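The values are calculated or read from the model by the stated rules, or taken from the named source; none is laboratory data. From a predicted model like this one, the values you see are computed outputs, not experimental measurements. No Cβ is skipped: glycine too gets one built from the backbone with ideal geometry, and neighbour counts run over all protein chains shown.
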Amino acid sequence: MVRSGRRRRLLVAHLFLAVLVLLDCDENHSEPDQLYGPTPISDYLLGDFEPARHPSFVNVSELGIRTMGRTIYLRAEAAEALTRLIAAFHSDHPDVDLWLVSGTRNFAAQQSIWDGKWSGQRPVEGQRLNQSVPDPRQRALKILEYSSMPGTSRHHWGTDFDINLLQNDYYRRGPGLEIYEWLVENAPAFGFCQPYTSGRSGGYQEERWHWSFLPLSRIYLQDWNDRVAADYPGRHRFAGVDAAADLAPVYVNTINSDCQ
């Protein structure tokens with residue numbers, strides 16, 4: 001009976017994803033106002049807007065998604081699909097907690113993370129990089145192991161989120177392993193993929209905690225390449241940008257092929 005119930009849930013999820021893919025319409029795209037709302041396209045892709053004021057975003061706590069007290073916004077489409085995923089997960093693992101620690105981060109929020117690591121105010125692996133890595137290029141590469149340059153983060157789009165703990169080891173044993181194995185098997189049926197898997201040729205390190213809503217993120221990825229890449233960072237400046245800007249397309253595009 002458990003397996004039968006699980007098969008029914010997965011069938012419903014697959015049908016839901018099929019509808020999303022049809023709505024996605026890769027080659028023709030949805031209308032810009034549906035994808036970007038009142039925000040200019042390039043500003044949206046760079047995260048230069050306030051998600052709390054954008055009509056396409058929701059506070060995920062209002063949908064019953066646990067955030068451990070944090071205020072987290074996602075695109076409504078992603079959040080609604082995530083509620084279905086979480087319900088299915090808890091049906092299979094009622095005693096395992098699953099929550100969000102991060103969702104949408106705009107340009108300013110990402111710049112705060114980047115600038116903090118660049119200046120040494122935010123230590124990386126116990127080191128103040130302004131002291132331990134004085135060479136600008138090498139310092140940028142160190143930060144880029146896990147943190148995006150502002151304007152290049154998938155978290156700008158409202159499609160990507162982080163769960164539970166930002167440590168790969170957590171997902172190799174115990175409840176973390178149960179979560180990760182379930183997501184690998186079932187998340188695609190709800191429209192989600194893991195962008196930063198192991199075994200890629202470059203880019204960010206593996207992130208087992210980071211998941212993306214593919215029906216929208218694949219469109220934003222294509223539009224970032226079409227509309228932002230050639231002019232990045234444009235008018236947007238930040239610490240170390242001259243040493244690292246050419247790396248932006250590499251890190252944006254070196255992702256799991258299932259997320260493209």
- Got a sec? Which of Arg122, Arg154, Arg173 is out of contact with any helix residue (DSSP H, G or I) (no Cβ under 9 Å at 6 or more places or on another chain), modelled with pLDDT of 95 or more, under 25 Å from Thr67 (Cβ atoms) and of a type outside the set (A, V, I, L, M, F, W, C)? Arg173
- Message: Checking Gly103 against (1) in contact (Cβ under 8 Å) with a residue 40 or more places away in the chain; (2) loosely packed, with under 14 Cβ neighbours inside 10 Å, only one condition comes out false. Which one?
- Response: (2)
- Item | Lone qualifier among Arg122, Arg139 - being part of a helix (DSSP H, G or I) and of a type in the set (Lys, Arg) | Arg139
- Evaluate the stretch 214-225: report whether one residue or more is more than 19 Å from Tyr73 (Cα to Cα), surrounded by fewer than 18 Cβ atoms within 10 Å (Cβ to Cβ), among the acidic types (Asp, Glu) and over 14 Å from the mean Cα position of the chain (by Cα). no
- Which ones in the stretch 72-103 are small (Gly, Ala, Ser) and either within 15 Å of Ser212 (Cα to Cα) or modelled with pLDDT under 95 (or both)? Ala76, Ala78, Ala79, Ala81, Ser102, Gly103
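This table checks each residue for (1) part of a loop (DSSP other than H, G, I, E, B); (2) of a type in the set (A, V, I, L, M, F, W, C).
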{"site": "Tyr170", "(1), (2)": "no, no"}
{"site": "Pro175", "(1), (2)": "no, no"}
{"site": "Tyr180", "(1), (2)": "no, no"}
{"site": "Pro188", "(1), (2)": "no, no"}
{"site": "Pro195", "(1), (2)": "yes, no"}
{"site": "Gly203", "(1), (2)": "yes, no"}
{"site": "Trp224", "(1), (2)": "no, yes"}
- Task: Sort out which residues of the stretch 202-238 are at pLDDT 95 or above and among the small types (Gly, Ala, Ser), and write them in order of number.
- Result: Gly202, Gly203, Ser212, Ser217, Ala229, Ala230
- Cβ pairs under 8 Å, 6+ apart or interchain, first in the stretch 110-138 and surrounded by fewer than 16 Cβ atoms within 10 Å (Cβ to Cβ), second β-branched (Val, Ile, Thr), ordered by first then second residue, are Gln127/Val133
- Members of the stretch 145-166 found to be among the aliphatic types (A, V, I, L, M) and surrounded by fewer than 21 Cβ atoms within 10 Å (Cβ to Cβ), listed by number: Leu165, Leu166
- Message: Tell me whether the stretch 63-79 contains one or more residues that are out of contact with any His (no Cβ under 6 Å at 6 or more places or on another chain), more than 23 Å from Glu207 (Cβ to Cβ) and among the charged types (D, E, K, R).
- Response: no
- Query: Looking at (1) within 17 Å of the chain's Cα centre (by Cα); (2) over 30 Å from His236 (Cα atoms); (3) buried (at least 19 other Cβ atoms within 10 Å of the Cβ), which is the only condition Thr67 fails?
  - Reply: (3)
- Would you mind telling me which numbered condition in (1) farther than 19 Å from Ser112 by Cβ; (2) over 14 Å from the mean Cα position of the chain (by Cα); (3) in contact (Cβ under 8 Å) with a residue 40 or more places away in the chain Ile255 fails? (2)
- Query: Is it the case that Ala244 is surrounded by 18 or more Cβ atoms within 10 Å (Cβ to Cβ), small (Gly, Ala, Ser), over 14 Å from the mean Cα position of the chain (by Cα) and in a helix (DSSP H, G or I)?
  - Reply: yes
- Query: Is the stretch 74-97 home to any residue that is assigned to a loop (DSSP other than H, G, I, E, B), touching a helix residue (DSSP H, G or I) at 6+ places or on another chain (Cβ under 6 Å), buried (at least 17 other Cβ atoms within 10 Å of the Cβ) and touching a residue at least 12 places away in the same chain (Cβ under 8 Å)?
  - Reply: no
